[in-house]
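A quick write-up on the structure given underneath.
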Amino acid sequence: MLVQSCVAAALALIATAIWPEIDLATARLMILAPESPLRPFASILREAGRGAPLLLCAGLVAGFLTSAMRVPEQRGAKIRRAVYVVSVLAIGSGLLVNAGLKNYSHRPRPLHTSEVAGAAAPFRPFYRFDGACRTNCSFASGEAASAFWTSAPALLAPPGVRLVAVSAALGFGLAVSVLRMMLGAHFLSDVAFSALAILLLTLGARRLLKID
């Protein structure tokens, strides 16, 4: 399922690279008007979605380390699991997206562009790093990256419920991405890149750390 999701995200990214107007069309379609009664509700959901991955990561690490101390014969496996969930979140959402691309892509957010919201900044495709935004920019989406990170702990679920866990993680990532687009904070390509990067990192780190 993660592989199929990577393919879908890659296709969305390729499409918006070839036809940047797809980004504009989806942004115009999804952005909520400032006076929309849905905007406060969407903002509340956004705050919940933003904090959930960090709380989940902290809880998982605490549980893995506690289990490692209580059951010495499982120590290595539990520590690898803790390293796995922390490293995917820290490298993907932390370093690549939030500390890296968001500060150097210079892409204005949809609500700051003239083409989507009638604002001052001109639209830029995601591969053009010459926009008017100076810091904390649209490309890529940090919250989408953190949300799709939940696929990493989902892969640690027992085999009998793993498919359900992964489906829930992908659904959560999609929901957070849609919320960010509704609030005018991101284009389709922003969330597609974050999904692709995090899911690839999730699969690669799992293999590298030999996580069962």
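The values are calculated or read from the model by the stated rules, or taken from the named source; none is laboratory data. Note that this is a predicted model, so its numbers are computed, not measured. Quick reminder, even Gly has a Cβ in these numbers, built from the backbone with ideal geometry, and neighbours come from all protein chains shown.
For the stretch 142-152, the criterion of a residue being touching a residue at least 60 places away in the same chain (Cβ under 8 Å), of a type in the set (D, E, K, R) and touching a Gly at 6+ places or on another chain (Cβ under 9 Å) is satisfied by at least one position.
Within this structure, A77 fails the test of being aliphatic (A, V, I, L, M) and surrounded by 22 or more Cβ atoms within 10 Å (Cβ to Cβ). Of all residues in the stretch 129-167, exactly one satisfies the criterion of being basic (K, R) and under 16 Å from R206 (Cβ atoms), namely R162. H186 passes every criterion in (1) part of a helix (DSSP H, G or I); (2) buried (at least 17 other Cβ atoms within 10 Å of the Cβ) apart from (1).
Step by step: first the residues of the stretch 133-162, then only those that are aromatic (F, W, Y) and outside any loop (DSSP other than H, G, I, E, B), then the one that is nearest to H112 (Cα to Cα). Which residue is that? The qualifying residue nearest to H112 (Cα to Cα) is F148. Looking at the stretch 111-127, can you tell me whether even one residue there is among the small types (G, A, S), part of a helix (DSSP H, G or I) and either farther than 29 Å from I18 by Cβ or modelled with pLDDT of 95 or more (or both)? Yes, that holds for at least one residue.
Would you tally the residues in the stretch 11-25 being in contact (Cβ under 8 Å) with a residue 40 or more places away in the chain and either more than 19 Å from the chain's Cα centre (by Cα) or surrounded by fewer than 16 Cβ atoms within 10 Å (Cβ to Cβ) (or both)? Counting residues in the stretch 11-25 that are in contact (Cβ under 8 Å) with a residue 40 or more places away in the chain and either more than 19 Å from the chain's Cα centre (by Cα) or surrounded by fewer than 16 Cβ atoms within 10 Å (Cβ to Cβ) (or both) gives 4. When L199, L208 are checked against the criterion of being in contact with a Leu (Cβ under 6 Å, 6 or more places away or on another chain), farther than 17 Å from V116 by Cβ and not β-branched (V, I, T), L199 stands alone in meeting it. Taking the criterion of being at pLDDT 95 or above and over 18 Å from C57 (Cα atoms), would at least one residue in the stretch 145-157 satisfy it? Checked against the condition, which is being at pLDDT 95 or above and over 18 Å from C57 (Cα atoms), the stretch 145-157 yields no hits at all. Screening Y127 with (1) over 19 Å from the mean Cα position of the chain (by Cα); (2) among the aromatic types (F, W, Y); (3) surrounded by fewer than 15 Cβ atoms within 10 Å (Cβ to Cβ) gives one miss only, at (1).
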